[in-house]
Amino acid sequence: MVRIVAQPSATQRGRPLDKGGESVDIRSASKHYDAVRALDNVSLNVAPREFVSLLGPSGSGKTTLLGILGGFIPPSSGSIHFGDRDVTLLPPHKRDIGVVFQNYALFPHMSVGENVAFPLRARQLPKADWPDKVRAALAMVGLAGYESRGISQLSGGQRQRVALARAMIFEPRLILMDEPLSALDKQLREAMQIELRELHKRIGATIIYVTHDQREALTMSDRVAILKDGKLVQIDKPQRLHDHPADSFVASFIGEASLLPVRRADACSVVLGPAILRSTRPVPDGDELMLAVHSEKLLIDDGAGDAARNRLTGKVTDVVYQGESLRVFLQLADGTSLSLRQPSHYEAARRIPPLGGELTVTLHPEDTIVVPKARP
Amino acid sequence: MPAPMPDISRQYQRREQLTMLALAFPALLMILLLVVLPVGWLAWQSIWHDGFTLENYRRILAEDIYWRSFALTFEISLTVTVLAVLLGYPIAYAASIVSRGWSIVILALVVLPFWTSVLVRAYAWLALLQRTGVINQLLRQLGLIDAPLALVHNTFGTVVATLHILLPFMVLPLYATMQKIPRDLLQAGASLGAGPVLTFWQIFLPLSLPGVLAGCTLVFVLSLGFYITPELLGGGRTVMVSMLVSRNVELYDQWGAASAVGVVLLLAVAAIFFVVSRFVPLDRVLGQR
Ligand SMILES: Nc1ncnc2c1ncn2[C@@H]1O[C@H](COP(=O)(O)OP(=O)(O)O)[C@@H](O)[C@H]1O
Ligand SMILES: [Mg+2]
């Protein structure tokens, strides 16, 4: 007879997963390729255990910054510090950071298990310890028992998980990820976003995450750094970024905002065509100002709202049905256009006039965001 | 049971197959005319001389000169192949890691000799290696040797010249394979803690093996049938199989014997590849897991 003994597996008991995070200090990092400034004097401080996203359009320098952190790209000037170590000139294999590449970079000639065990081999850990660690790492990403599979037999989502397991098996205190979910379809991507968040909480490592998807950045991050043309434009918590954009570029990049040119009237109001809009936020100085109107912050005027609200009237030029919501495009008298979003239920749809009809919308002074116009 | 619906995709597939066949036809015809027919004719000649005969093959088995020649041919081909890998791999590796401009320079230097005829290059080696050649004179003037070294009219000279002529056939497939290895994989290796040496052994080298295999096959097969360099630089002592063939035809007008030698060489190569493919998991080297 075989005696069956209940035994907690090494993955459940064993060592604590949480090794803490590394703090990262980027001081005036620049990278020039001849005339191209891929990265232009970027300074950034990341706290231990923080999840920071680098967000920006294609070509804004995200990969370059990640490459500098990973040690693959030497900066033209500036310095990088992990904790109190200056790592600017440290080669990648001595940095002890986990990197997840955009296309996963799994080794095609190795099995899943061999891929995941690679960091252990590189660190010359005793071979006897590998199977347990590999099993635990694969279990963590939901791929228990996949050790002997070949890479080509995996789906995109599974490859992604293997890349994650491989980057985490040596318990790095800092993990870099370059658009790791961009190749996945929407459903899987959103599921993985939530999983990554949970994983981050469990392992407690600092994560620097590159993406060009603003929703992804807002969903996952403690703070989001916005890059444009190699420059750091703003770094803030998701909500502050959304509600207090530094300029019109950030406002256009985060959320769904219409940008309308306005003139400064005084410290708390601006002129938009014939209308004067009040804002509870201080209006910045400068000649070129933009009003950033988030489409979800416009309400259809039912006449009952308080008089303090700003009102805008325009013609309905288009109504787009988008499932859970309707997007209504309005053209103001001076020709500028903006859009508002209405939940798609009967009550809301009833209040939208037919195309060409007039519609008055209200914008609360708390939501009236005026930003300086960004340089093109 | 209801009758299965006729599958319209079948019809489509059949039409596609016909198209493919039509497209491949010119190539198939060429292979038939230029490879299958001559080889068939060769085989026929070797066994038909006023009736069926195995006399040509009996002689190959019985006579010492044939055995020695075959052994020498394989020995030289193997030596050339091994040396070509050892020399070619670093060249291809360098070309694959330097910037685009430099890799073009390196590859141009590798391919440049193609522009000169094999005959000219063989004679050039003769001029360099012979008793009163450049190398021997230089060494004597430097006082490193007293008597001239026998660098040519032997196996050594044959190997050197053959290696020189066949090196591009090693470097080019190697470079093509190496260049396709994604740099991400090497960066990933480094980020996971592997130094340059481990990254090379564990990642770059295994992924370059298909190129090594392709290059070795090309060089080995080409040197098996090489004729000019052993003829000019072998000094009559290095008799390779190709020379047996030409002597049988030119000196003795023995087409049957020459054909038989060719057929045996062909079969030997086929046998070698069969055995190698049993021991080297070719699909694992060539394919991805
Ligand atoms: N090796 C390179 N040589 C020249 N220019 C480069 C190189 N790498 C990146 N760049 C340029 O630097 C800029 C930033 O690139 P990158 O960091 O890849 O942007 P992102 O990842 O945000 O799309 C781009 O304009 C790109 O063309
Ligand atoms: Mg990029």
>> 5 Å is the cut-off here: which amide hydrogens, built 1.01 Å from N in the peptide plane, fall below it relative to A:Val262, excluding neighbours closer than 5 in sequence?
In response: A:Leu289, A:Met290, A:Leu291
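Sorted by mean Cβ packing within 10 Å, highest first, what order do the peptides B:74-85, A:179-190 take?
Per-residue mean Cβ counts within 10 Å order the peptides as B:74-85, A:179-190.
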>> Using the alpha carbons of segment A:214-257, what is the convex hull volume per residue in cubic angstrom, as a whole number?
In response: 65
> Once Lys and Arg get +1 and Asp and Glu get -1 on their Cβ, which of B:Val39, B:Val105, B:Leu266 lies farthest toward the positive end of the dipole of chain B?
Replying inline: B:Val105
> Of A:Thr368, A:Gln153, A:Leu259, which is farthest on the positive side of the dipole of chain A, counting Cα position, with +1 on Lys and Arg Cβ, -1 on Asp and Glu Cβ, and the Cα centre as origin?
Replying inline: A:Gln153
> If you plug each phi of segment A:62-76 into the Karplus form 6.51 cos²θ - 1.76 cosθ + 1.60 with θ = phi - 60°, what whole-Hz ³J(HN,Hα) values come out, in order, with x for Gly and Pro?
Replying inline: 5, 5, 4, 5, 5, x, 5, 5, x, x, 7, 10, x, x, 5
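What fraction, in whole percent, of alpha-carbon pairs in segment A:8-240 exceed 33 Å separation?
15
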>> How large is the direction-averaged shadow of the alpha-carbon convex hull of the protein assembly as shown, in nm²?
In response: 53.7
> If one takes the accessible area of chain B alone plus chain A alone and subtracts that of the pair, with a 1.4 Å probe, what total in Å², rounded to the nearest 100, results?
Replying inline: 2000
> Tilt of helix A:186-203 relative to the longest C-alpha principal axis of chain A, in degrees (0 to 90, nearest 10)?
Replying inline: 60
> In peptide A:143-151, how many Cβ atoms from other protein chains are near each Cβ within 10 Å, on average?
Replying inline: 1
> For chain A, what is the charge dipole size about the Cα centre, in debye to the nearest 20, if Lys and Arg each add +1 at the Cβ and Asp and Glu each add -1 at the Cβ?
Replying inline: 1260
>> Suppose all protein chains stay in the model; what accessible area per residue would a 1.4 Å probe give for chain A, in Å²?
In response: 48
> Using only helices, what value at 222 nm comes out for chain A when you add -39,500 (n - 2.57) per DSSP H run of length 4 or more and divide by the total residues, to the nearest 500 deg cm²/dmol?
Replying inline: -6500 deg cm²/dmol
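Sort A:75-87, B:14-26 by the packing proxy (mean of other Cβ within 10 Å over each peptide's residues), most packed first.
Ranking the peptides A:75-87, B:14-26 by packing returns A:75-87, B:14-26.
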> How crowded by other chains is A:108-118, given as the mean number of beta carbons from other chains within 10 Å of each beta carbon?
Replying inline: 4
> For A:Lys231, which sequence-distant residues (separation of 5 or more, or a different chain) have an amide H within less than 5 Å of its own amide H, given hydrogens modelled in the peptide plane?
Replying inline: A:Asp40
> Using only Cα atoms, what Kirkwood radius does chain B have, in angstroms?
Replying inline: 22.9
> Just how large is the dipole of chain B about the Cα centre, in debye to the nearest 20, putting +1 at every Lys and Arg Cβ and -1 at every Asp and Glu Cβ?
Replying inline: 660
>> Averaged over its residues, how many other protein chain Cβ atoms are within 10 Å of peptide A:98-106's Cβ atoms?
In response: 4
> Applying the Karplus parametrisation 6.51 cos²θ - 1.76 cosθ + 1.60 with θ = phi - 60° to the phi angles of segment A:244-251, what ³J(HN,Hα) value in whole Hz is obtained for each residue in order, glycine and proline being reported as x?
Replying inline: 10, x, 6, 7, 5, 5, 4, 4
> Name the residues of segment B:157-193 whose accessible area, probed at 1.4 Å, falls by at least 50 Å² once all protein chains are in place instead of their chain on its own?
Replying inline: B:Asp184, B:Leu185, B:Gln187, B:Ser191, B:Leu192, B:Gly193
> Got a sec to turn the phi values of segment A:104-117 into Karplus ³J(HN,Hα) couplings, 6.51 cos²θ - 1.76 cosθ + 1.60 with θ = phi - 60°, whole Hz, x for Gly and Pro?
Replying inline: 6, 6, 6, 7, x, 8, 10, 6, 4, x, 5, 4, 5, 7
>> I'd like the carbon and sulfur percentage of the solvent accessible area for the protein assembly as shown, probe radius 1.4 Å, heavy atoms only, ligands and nucleic acids excluded.
In response: 61
> Farthest toward the dipole's positive end in segment B:56-286, which of B:Thr116, B:Thr132, B:Tyr252, given Cβ charges of +1 (Lys, Arg) and -1 (Asp, Glu) about the Cα centre?
Replying inline: B:Thr116
> What ranking, highest mean first, results for peptides B:192-203, A:142-153 when packing means the other Cβ atoms within 10 Å averaged over each residue?
Replying inline: B:192-203, A:142-153
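The values are calculated or read from the model by the stated rules, or taken from the named source; none is laboratory data. From a predicted model like this one, the values you see are computed outputs, not experimental measurements. Using ideal geometry, Cβ is built from the backbone for each residue, glycine included, and neighbour counts are taken over all protein chains shown. Just so you know, the surface numbers come from the protein's heavy atoms only, side chains and all, with ligands and any DNA or RNA stripped out. Shrake-Rupley method; radii C 1.70, N 1.55, O 1.52, S 1.80 Å.
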